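To start, the structure under review is shown below, and the notes come after it.
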Amino acid sequence: MSNKPPATDQTKRNSTTKVTVPKPGEHFFELARLDQIKGGADYSSAIGSCVEGQRIMVALMRMAPGTGADPHSHPNEQWVFVLEGTLEFDVGGEVKNATPGVAVYIPGNVIHHSKVVGESDVVFFTVKDTSYGLQGVAAGLSRTPT
């Protein structure tokens with residue numbers, strides 16, 4: 001009997017976006033060596049790797065100077081932990097700079113956006129539950145998958 005949940009629409013959608021899913025007995029991942037995925041194809045410049053477990057997904061993302069993420073949301077909550085650079089975040093209207101060592105909590109369905117501050121790339125580690133997927137929806141657009 002497998003511990004893996006049955007395939008869902010989300011699993012199928014993620015299977016085409018280079019998300020890494022652990023195989024039985026696979027426990028360690030070099031995120032920098034995995035396939036790259038866009039953090040939000042239509043609203044974000046973030047690119048990196050993502051590993052999706054049964055209930056939690058993690059990603060290591062990078063954004064170049066002068067870029068960021070347009071306003072968007074997703075039903076699943078998210079944590080962003082900044083490793084390098086400075087990322088100006090707006091979470092539900094509260095704006096702060098996130099620097100290395102700062103964790104940002106984004107509740108589900110809260111519109112948020114960010115931009116890279118300065119001349120250096122921003123590298124961040126992000127965590128979401130798997131109830132929806134990695135990519136959210138640009139503010140003002142429908143959540144219905146196409």
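Quick note: the coordinates plus some simple rules give every number you see, no bench work behind them. All values derive from a computational prediction rather than experimental measurement. When we count neighbours, we look across all protein chains shown, and the Cβ atoms used for this are built from the backbone with ideal geometry, even at glycine.
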Charge sum, other residues only, whose C-beta stays under 10 Å from residue 115's C-beta, Lys/Arg counted +1 and Asp/Glu -1: -3
- prompt: All other residues with a Cβ under 13 Å from the Cβ of residue 104 taken together, and with Lys, Arg as +1 and Asp, Glu as -1, what is their net charge?
  reply: -2
field: trypsin sites (Lys or Arg not before Pro) within the range 13-110: DSSP coil, no more than 10 neighbouring Cβ in 10 Å
entry: 55
- prompt: Exposure proxy check: 126, 86 ranked by fewest other beta carbons within 10 Å?
  reply: 86, 126
task: Classify the range 31-78 as rounded, prolate or oblate from the Cα gyration tensor: take a ≥ b ≥ c as the square roots of its eigenvalues, call it rounded if a/c is under 1.5, otherwise prolate when a/b beats b/c and oblate if not.
output: oblate
- prompt: Considering only DSSP states other than H, G, I, E and B, which chymotrypsin sites (Phe, Trp or Tyr not before Pro) in the range 29-107 qualify as loop sites with at most 16 other Cβ atoms within 10 Å?
  reply: 29
- prompt: Between residue 28 and residue 139, what is the spin-label point distance in nm, taking each point 7 Å from the Cα along the Cα→C-beta axis?
  reply: 4.3 nm
Computed over the range 45-131, Kirkwood Rh from alpha-carbon pairs, angstrom: 12.9 Å
